[in-house]
1. What FRET efficiency do you get for residue 55 and residue 84 if R0 is 22 Å and r is their Cβ-Cβ distance, rounded to the nearest 0.05?
2. Put a dot 7 Å past each Cα toward the Cβ at residue 35 and residue 68; how far apart are the dots in nm?
3. Find out how many positive minus negative residues lie around residue 109, taking Lys and Arg as positive, Asp and Glu as negative, among other residues whose Cβ is under 12 Å from that of residue 109.
4. With r as the distance between the Cβ atoms of residue 139 and residue 98 and R0 = 35 Å, compute the FRET efficiency 1/(1 + (r/R0)^6) and round to 0.05.
5. Could you sort the peptides 90-97, 33-40 by per-residue average Cβ neighbour count (10 Å cutoff), highest mean leading?
6. When you count, for each residue, the other Cβ atoms within 10 Å and take the mean per peptide, how do 131-137, 64-70 rank with the highest first?
Amino acid sequence: MDSMKGIIYGMCLNLLLLNCASAKKLNEIEIEVLTKAIASWDGKELPDYAKGKPEVSILRITIPPGTELPLHKHPVINAGLLLHGELTVVAEDGATLHLKAGDTIVEVVNKWHYGKNEGSEPAEIIVFYAGIQGKPLSIKQ
């Protein structure tokens, strides 16, 4: 049954994209894919989705200049778009990612890491979580 839902979802998504592509020609609607990935920013393949009732969360997170977030990990897949400022993400193995406004990130899953704003203005990021109802989005160490 899950495979049938996936097939139906895929067909609906394709129809939506085809309709949007047609609409672009008529109404000047533009679609720009900012990120499409099967791996997190450190190159590791994303895990399969967990079993359970899906719960999508979208958070706007503002990190003041000079602030370092606590060490944490995400048990669910998430991705973000940095709207303003700069952000550095550091994984437990030392891998580092520097983001500037307009950059996207597909976050590491079940891997300890932290973010820090080394810039002079607040870093504002919108993060989309593909979570499971009743499960946390982040776990602090």
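1. Working: r = 27 Å, r/R0 = 1.23.
That gives a FRET efficiency of 0.20.
2. Inter-label distance under the simple model: 2.3 nm.
3. -1
4. Rounded to the nearest 0.05, the efficiency is 0.90.
5. Going by the mean number of other Cβ atoms within 10 Å, highest first, we get 90-97, 33-40.
6. Highest-to-lowest ranking by the protection proxy: 131-137, 64-70.
Read-outs throughout are calculated quantities, based only on the coordinates presented, and are distinct from any laboratory measurement. This one's a predicted model, so the numbers in the text were calculated from it and none came from an experiment. Virtual Cβ from ideal backbone geometry, glycine too; neighbours counted across all protein chains shown.
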